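The values are calculated or read from the model by the stated rules, or taken from the named source; none is laboratory data. What you are looking at is a predicted structure, and each value in this text was computed from that prediction instead of being measured. Cβ coordinates were reconstructed from backbone atoms using ideal geometry, including for glycine residues, and neighbour counts include every protein chain displayed. Ligands, DNA and RNA are stripped out before the accessible areas are found, and what is left, the full protein with its side chains, is counted by its heavy atoms. Shrake-Rupley method; radii C 1.70, N 1.55, O 1.52, S 1.80 Å.
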Amino acid sequence: MLSILIPTYNYNVYPLANKLMEDASRLGIPCELICMDDGSGSDLNTANERINNLPNATFLISKKNNGRTLTRQLLAKQANNDWLLFLDADVMPKNDDFLKKYMDLISDSNPIIFGGIAYNEKDYQLENSLRFKFGSKREVVSAQNRNKLPYRVVCSANFLTKKNMFLDINALNLNHAYGMDYIFGMTLKTQLIPVKHIDNEVYHLGIDENHNFLAKTKRGLQTLHSRNNDMIILNNQINLLKYYRILKKIRLHNCFGQFMLYLDKPVTSNLVNSKNPSLFLFDLYRLGYFCRLK
């Protein structure tokens, strides 16, 4: 038995829920679906309430905003089954055998399986050019390559996991609401949890506009900075932290942070307004911002 769990915030998740339950019925897969709105107070919840009319499906509304990490913990506790399929609200399975691929791999030897992410060219717009390019170039990685470094390319928008294991691992990171994929992957590595990657992608539909993506990027960097001295962080390799520590060792991190602040206007213009924003500049932008955090 499978529990499909979807945290959402101000998003119409009914089309995804309907698709999943139709596929489960067609494939003969017994499952439940639980979706929880994270206190958004959105008018879109009128559409989401229709999830309650689907067989074995429930839509819940949190009274307060808990953040995605805690919302996942609450959903996992609500689940009635031993295996959990977590999906972000703004995705859609790429293939019709999406659920079957996961079900065929359920095993105690595979306590967590990541399916991967995909992007559709038709979803590209000037307004989301940075997020689209970053996702297409950095997040879209074949399972073969992801399995070479299984804890580095972790995309929590689409994964299957054993319930008890997830509750224990996720509980270690409940104090942080955003930017948790880095932390989640490193926690799995530190706890010696076997990770498997497969080619079972979902399309990312809710692609942030460039200004919003930069704001979320900063929030994620704040999360990472707050954990910079944790053993979980120190014992793992993140490129941004590697370059930050080099700059700090030679006492140039403050200078670099101020230098990037001086260039902030032209760099931000490229990232926000360009049809083809530079990911190299985006990396420098992130490193400079990280160097300025106190």
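Residues LEU241, LEU224, LEU247: which one is hydrophobic (A, V, I, L, M, F, W, C), farther than 25 Å from LEU87 by Cα and either outside any helix (DSSP H, G or I) or at pLDDT below 90 (or both)?
Exactly one residue qualifies, and that residue is LEU241.
Tell me which residues, restricted to the range 52-107, are surrounded by fewer than 16 Cβ atoms within 10 Å (Cβ to Cβ) and charged (D, E, K, R).
Within the range 52-107, LYS63, LYS64, LYS77, ASP82, ASP96, ASP97, ASP104 meet the criteria.
Determine whether HIS211 is in contact with a Gly (Cβ under 9 Å, 6 or more places away or on another chain) and modelled with pLDDT of 85 or more.
Values: in contact with a Gly (Cβ under 9 Å, 6 or more places away or on another chain): no; modelled with pLDDT of 85 or more: yes.
So HIS211 fails the test.
Considering only the range 16-74, state which residues are touching a strand residue (DSSP E or B) at 6+ places or on another chain (Cβ under 7 Å), in contact (Cβ under 8 Å) with a residue 60 or more places away in the chain and more than 24 Å from MET103 (Cβ to Cβ).
Answer for the range 16-74, where residues must be touching a strand residue (DSSP E or B) at 6+ places or on another chain (Cβ under 7 Å), in contact (Cβ under 8 Å) with a residue 60 or more places away in the chain and more than 24 Å from MET103 (Cβ to Cβ): ARG68, THR71.
Restrict the check to the range 143-160 and report whether at least one residue is out of contact with any Asp or Glu (no Cβ under 8 Å at 6 or more places or on another chain) and under 24 Å from TYR9 (Cα atoms).
Yes, the conditions are met somewhere in the range 143-160.
Only residues that are under 22 Å from ASP181 (Cα atoms), of a type in the set (Ser, Thr, Tyr) and open to solvent by less than 40 Å² (accessible area, probe 1.4 Å): list them for the range 237-294, please.
TYR244, TYR285, TYR289 - these are the residues of the range 237-294 that are under 22 Å from ASP181 (Cα atoms), of a type in the set (Ser, Thr, Tyr) and open to solvent by less than 40 Å² (accessible area, probe 1.4 Å).
Report the residue count in the range 1-26 for those that are more than 21 Å from ALA76 (Cα to Cα) and open to solvent by 60 Å² or more (accessible area, probe 1.4 Å).
4
Given the conditions (1) of a type outside the set (A, V, I, L, M, F, W, C); (2) buried (at least 20 other Cβ atoms within 10 Å of the Cβ); (3) farther than 25 Å from TYR119 by Cβ, and given that LYS189 satisfies all but one, which numbered condition is not satisfied?
With (1) of a type outside the set (A, V, I, L, M, F, W, C); (2) buried (at least 20 other Cβ atoms within 10 Å of the Cβ); (3) farther than 25 Å from TYR119 by Cβ applied to LYS189, the lone miss is (2).
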